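Bear in mind these aren't lab numbers, they're just calculated from the coordinates by the rules spelled out. Source: prediction; values computed, not measured. Neighbour counts are summed over all protein chains in view; Cβ atoms, including those assigned to glycine, are modelled from backbone coordinates with ideal geometry.
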Amino acid sequence: IHKENGALRPIILLCLTFHSYSYCIFQIYCMHPDCVIQLEKEKCMERMAMDDHSSEPELDCRWMWDNLTCWQPAKIGQVVWMPCPELFEVMSEENDEFGKVSRNCTEAGWSEMFPHYVDVCPFNENGTSPVSDMYYVSVKALYTVGYSTSLVSLTTAMVILCRFRKLHCTRNFIHMNLFVSFILRAISVFIKDGILYAEEDSNHCFIHTVECKSVMVFFHYCVLSNYFWLFIEGLYLFTLLVETFFPEKRYFYWYTIIGWGTPTICVAVWAVLRAHFDNIGCWDINDNAAIWWVIKGPVLASIMINFILFIGIIIILVQKLQSPDIGGNESSIYLRLARSTLLLIPLFGIHYTVFAFTPEDVSKRERLVFELGLGSFQGFVVAVLYCFLNGEVQSEIKRKWRSWTVNRYFAGDIKRRHPSLASSGVNGGTQLSILSKSSSQIRMSSLQAETPAT
């Protein structure tokens, strides 16, 4: 940073984290200092445009933007104190303490700033420290590997569940929709990072295209849909345990509307409000808390309700496991309960409650690793637990494998023993069925012959 025309001008490139989803996700990207300044300037210009000068004609010092801070209007003799600009916060260490700067409104206008930024706003002259840079690079690599692994495993799980008809039921249909939401979430993260933050420069700060904003709308829709299908998984399981009989097909119709329809409405309302009241940049930063609650509110509600359902299901499981109809000693009961609880945590997204209701400025680094780094593997864990390790899925795959190997064996054996049949165009499966019917008829005839007449 150096002085230029009485103002501070940043000239370095820094990597910072932006708290895009204050409850569940952080966006990591490399941002040029001009991005921070440009965003602050746009907000200042917007406040200036919304201010009605005629309502307070006695104010002598008007709005002023000094390239770093937006100074509000004041009367003569009034001293205005402002905190250090956001730029210094992202360029300093976490434990640094920030002061305030002031300007006096005089008859000649705004006075010089006192104290100066360099005196009360600490910053790292070399940008972020190497350790900090390595930390953010490591987290980005972690969530990239996590989403890639989840994407491959979830796609494989979807192919398996779609391929075998015997696995088609309401429970697996809900799992499949959850898998799709995880797949869309991973794809949206890669698209967002690829379009917005592919290059470490300030170009994306000045992007106001429809394409850029559409990417963010798609990203928010995918994340919101994922949370709602996690909520539906919890709601379905709770309903299954509480109600003895209920029409699953009719419920699945409403589940689909909630899982895909509700996020559509929320994101559409958010996009309209952003376009009319907060149309700044690429919509990748959410400074307007009221508008942001259109998306944040439903997600927090789904996390809270899912946690309540989780507690309710655990209570029901404890009651069922302690029933005299279920055998086993006390240790085996607790072992079953622990296993059931661990299986439900990734399916319900219970881990999101750890930081969901904590202040945004608390444990930022831990939250970053926990929610974005480890959370990116949630899709992989769900696919493994509810598809690859599912007994019903494994049995169906083994059955299909045995059928395929038997058909292949008999087809090869028939070709060796009966070349005429092999060349007649009859396939192995047909030959096998013919041989099976013939052998069964022979066995029935022999049994009838051995059975004495009564």
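Data overview
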read-out: R0 of 41 Å, Cβ-Cβ distance Leu389-Thr264: FRET efficiency to nearest 0.05; value: 0.80
read-out: Size-normalised alpha-carbon gyration radius of the stretch 143-202, reference 2.2 N^0.38 Å; value: 1.43
read-out: Fully extended contour minus Cα-Cα distance, from Trp293 to Ser214, at 0.36 nm per residue; value: 26.5 nm
read-out: Ranked by how many other beta carbons lie within 10 Å on average, peptides 295-305, 40-50 from highest; value: 295-305, 40-50
read-out: Contour excess over end-to-end distance, with Cα ends at Phe277 and Phe370 and 0.36 nm allotted per residue; value: 30.2 nm
read-out: Pairs from Lys166/Lys249; Lys249/Lys398; Lys41/Lys296; Lys43/Lys213; Lys43/Lys140; Lys192/Lys213 whose Cα-Cα separation, in the structure shown, is over 21 Å; value: Lys249/Lys398; Lys41/Lys296; Lys43/Lys140
read-out: Förster-model FRET efficiency, 30 Å R0, Glu107 and Glu46, C-beta, rounded to 0.05; value: 0.55
read-out: Gain on full stretching of the segment that runs from Phe114 to Ile257 - 0.36 nm per residue minus C-alpha separation; value: 45.7 nm
read-out: Label-point separation, Ile187 to Met304 (7 Å along Cα→Cβ), nm; value: 3.3
read-out: Packing rank of 284-294, 373-383, where each peptide gets the mean count of other beta carbons within 10 Å, highest leading; value: 373-383, 284-294
